[in-house]
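This report refers to the structure that appears directly beneath it.
Laboratory data are not the source of any read-out in this text; all were calculated from the coordinates shown. All of these numbers come straight from a predicted model, not from anything done at the bench. Reconstructed Cβ throughout: ideal geometry from the backbone, glycine too, with neighbour counts over all protein chains shown.
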Ligand SMILES: Cc1ncc(COP(=O)(O)O)c(C=O)c1O
């Protein structure tokens, strides 16, 4: 194995109490109950539901399958309005079901769906809106809910980034018809791979549980279309163990975020996204590089940081609408996405999480200050 000790990555996993996890792993193996609604997956569901304050939580194998289950259970068809500035899984989940993703631009302040642009995209084929709480900032769910109510549409939310986040109306996980969290290794809380669907709708919850398990209704009884979306016990034990360290992860992420704020405060041309929610997991440190002010481009800065083993990342370049199959299927989407296109060229996400220390951040900020002062060619920093 190669050592990564001197490398700094975006999205290295947050890991809770390893001793507790190994005890749970041992218990799982002893019990031989490895999957199929075992005690740990039920425990995790209850833990997440109670933490968020939502009636139902359905653990799934990953958020992509979670989105697909929710899409099918909500009966979405035809067209669904969705941001292009998101991870491609949000959009693939629609296209996979033969639904046309109608790309909508995002708001410059939170990088999430701009409700003022949603309504004009509604057509007779529209059945819903799929919003994303990008970077863990709860999107403008109040305005989106008003729009979907006015047009009798469904509201589904991709909350992949937003476990532990809220706005003044409540916690992510309580909005719309349903919300879907990711518990992937790179996410704030991980279960190696995994996801969780939440809803306050009893009928919908029952339907989604049923779909998650092949549409099986009982012994020898399949009464509908389903998929294998189950979470296994080892994943659930990891998710539960990490949930128990949630406050500690927030504390470290916040400390890291503030260290970046301090380290980059005086640097012209780089701005850190402000977190405006009531509660926030600070899992992403999102910088934008303004090409009109900065001495270096975002991409040159990225190359420089990579050369110093700082693996910052440009998300979600080049934008879903410019990736296949969407570029070919919907070539006109580009014209109505100026903010998305701008962000794709300006956003730089910096390493954080519990694997990154304040000392590491001081070094990363020093590199950035050096580069932004026009020092890309200088090799003085090692
Ligand atoms: C916004 C967004 N939606 C969906 C996903 C898919 O999550 P998963 O990897 O759990 O399928 C991710 C991340 O991977 C994501 O960032």
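Rounded, prolate or oblate for region 220-359? Axes are the square roots of the Cα gyration tensor eigenvalues, ordered a ≥ b ≥ c, and the cut-off for rounded is a/c under 1.5. Taking the square roots of the gyration eigenvalues as a ≥ b ≥ c, region 220-359 is oblate.
Both radii come from the Cα set of the chain: Rg as radius of gyration, Rh as Kirkwood radius; their ratio Rg/Rh reads 0.98. Panel order for 308, 230, 124, by other beta carbons found within 10 Å of each beta carbon, from fewest to most: 124, 308, 230. Taking 0.36 nm per residue of separation and subtracting the Cα-Cα distance, full extension of the segment from residue 88 to residue 228 would add 48.3 nm.
Give the peptides 234-244, 94-104, 289-299 in descending order of average Cβ contacts within 10 Å, highest first.
The most tightly packed comes first, giving 234-244, 94-104, 289-299.
By its C-alpha gyration tensor, with a ≥ b ≥ c as the square roots of the eigenvalues, how is region 131-249 shaped: rounded for a/c under 1.5, else prolate for a/b larger than b/c, else oblate? Oblate. For the chain, the relative contact order is 22 percent, taking Cα pairs closer than 8 Å that sit 6 or more residues apart in sequence and dividing their mean separation by the residue count. Modelled spin-label separation between residue 31 and residue 6, with each label point placed 7 Å from Cα along the Cα-to-Cβ direction: 4.5 nm.
Protection proxy ranking, highest mean first, for peptides 139-151, 266-278: 139-151, 266-278, where packing is the per-residue count of other beta-carbon atoms within 10 Å, averaged. Sort region 1-154 into rounded, prolate or oblate with this rule: let a ≥ b ≥ c be the square roots of the eigenvalues of the Cα gyration tensor; rounded if a/c is under 1.5, and if a/c is not under 1.5, prolate when a/b is larger than b/c, oblate otherwise. Judged from the Cα gyration tensor, region 1-154 comes out prolate (a/c at least 1.5, a/b above b/c). Sequence-distant contacts, meaning Cα pairs under 8 Å at least 6 residues apart, place the relative contact order of region 18-243 at 27 percent. Computed extension gain for residue 213 through residue 290, at 0.36 nm per residue and net of the alpha carbon distance, reaches 22.9 nm.
Between helix 246-264 and the chain there is an angle of about 30 degrees, using the helix long axis and the longest principal axis of the Cα atoms. By the beta-carbon count within 10 Å of each Cβ, the least crowded to most crowded order of 249, 85, 214, fewest first, is 214, 249, 85.
In plain terms, the chain from residue 366 to residue 119 could stretch by 84.4 nm, reckoned as 0.36 nm per residue minus the Cα-Cα distance. With a Förster radius of 25 Å applied to the C-beta separation of residue 23 and residue 200, the computed FRET efficiency comes to 0.15.
Annotation for residue 186 and residue 152: the two label points, set 7 Å from Cα along the Cα-Cβ direction, are 4.1 nm apart. Neighbour counts of C-beta atoms inside 10 Å place 329, 350, 157 in the sequence 329, 350, 157, starting with the fewest.
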